[in-house]
Amino acid sequence: VSAGMAIQVFTQPQDILWAEAGVIVLGALAGAPIGRWLLLIIPRQTFRYVFAVFLVVVAVRMFGFIPQATHLIGDSPEVSQVGTIAFLLSAGFLAGLTSTLFGIGGGMVIVPALMLGYSALSDNFAVARATSLIAIVPISVWATFLHARKGNLQWNVLPILLPLCVVSAVTGVFVAYWVHADYLTVGFA
């Protein structure tokens, strides 16, 4: 994800809403420990069902079966407005929670939240995606730290996964600008 963020910053920095990403990260800092705590108390079988339902809801939403509301908060995010701050903190909290619970949060939480919250972003997938990418890097680092503290990581597989992850993240940023957002949404779903 860090490699993708670096490519995003280098190639299309104008698509990043930095202040908004920062507020999202603040919300995630609170959500991630709660997700980690839930992992300890949710029975493994229940956790699998919750995860499956979460994935189905996201896929149904992305296929367009759930009507898309526009501008729940406003036309565009303004970090000087209390409603925007509360919305971004909530989206970040949910992203941190799902990042720790499921290992996902950016594309499944932050991008849809930004696109549902603001009409300007519902029409501009690139900005929502770029802002999510910037926010998810510190969120992922925080969730990884929480899992590492509990001994949940298999560090020996890192050298195997890392090269493919870097190539995929860099390629993903470029592909996201070459492929129409509607096709990306359906493919992801």
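The values are calculated or read from the model by the stated rules, or taken from the named source; none is laboratory data. Bear in mind the structure is a predicted one, so any value in this text is a computation, not a measurement. Neighbour counts run over all protein chains shown; Cβ positions are idealised from the backbone, glycine included. Note: accessible area is taken over every heavy atom of the protein model, side chains too, but ligands, DNA and RNA are not part of it. Shrake-Rupley method; radii C 1.70, N 1.55, O 1.52, S 1.80 Å.
Of note:
- For the stretch 31-40, the count of residues that are farther than 22 Å from Gly172 by Cβ, free of Cβ contacts under 8 Å to residues at least 12 places away in the same chain and small (Gly, Ala, Ser) is zero.
- Residue in the stretch 169-182 that is in contact with a strand residue (DSSP E or B) (Cβ under 9 Å, 6 or more places away or on another chain) and buried (at least 18 other Cβ atoms within 10 Å of the Cβ) present: no
Residues are listed down the side, and each one gets a yes or a no for (1) open to solvent by 80 Å² or more (accessible area, probe 1.4 Å); (2) aromatic (Phe, Trp, Tyr); (3) over 19 Å from the mean Cα position of the chain (by Cα):
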residue: Ala3; (1), (2), (3): no, no, no
residue: Ala6; (1), (2), (3): no, no, no
residue: Val9; (1), (2), (3): no, no, no
residue: Pro13; (1), (2), (3): no, no, no
residue: Val23; (1), (2), (3): no, no, no
residue: Leu26; (1), (2), (3): yes, no, no
residue: Phe54; (1), (2), (3): no, yes, no
residue: Gly74; (1), (2), (3): no, no, yes
residue: Ala86; (1), (2), (3): no, no, no
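- The set of residues in the stretch 123-132 being assigned to a helix (DSSP H, G or I) and polar (S, T, N, Q) consists of Thr131, Ser132.
- Filter result (in contact (Cβ under 8 Å) with a residue 60 or more places away in the chain, closer than 18 Å to Val25 by Cα and of a type outside the set (Gly, Ala, Ser)) within the stretch 130-164: Thr131, Leu133, Ile134, Ile136, Val137, Pro138, Ile139, Trp142, Leu146, His147
- Counting only helices (runs of 4 or more DSSP H) that fall entirely inside the stretch 30-122 and contain at least 3 residues that are within 25 Å of Lys150 (Cβ to Cβ), the qualifying elements are 44-63, 82-102.
- Where Ala52 falls short, out of the listed (1) at negative phi; (2) touching a residue at least 24 places away in the same chain (Cβ under 8 Å): (2)
- Subset tally (residues that are more than 14 Å from Ser132 (Cβ to Cβ) and aromatic (Phe, Trp, Tyr)) for the stretch 7-21: 1
- Residue count, the stretch 112-140 (criterion: open to solvent by 20 Å² or more (accessible area, probe 1.4 Å), among the aliphatic types (A, V, I, L, M) and more than 13 Å from the chain's Cα centre (by Cα)): 3
- Yes/no for Gly172 being farther than 22 Å from Gly74 by Cα and modelled with pLDDT of 85 or more: yes
- Condition check for Ala59 on (1) under 28 Å from Tyr183 (Cβ atoms); (2) touching a Pro at 6+ places or on another chain (Cβ under 6 Å); (3) aliphatic (A, V, I, L, M): one failure, at (2).
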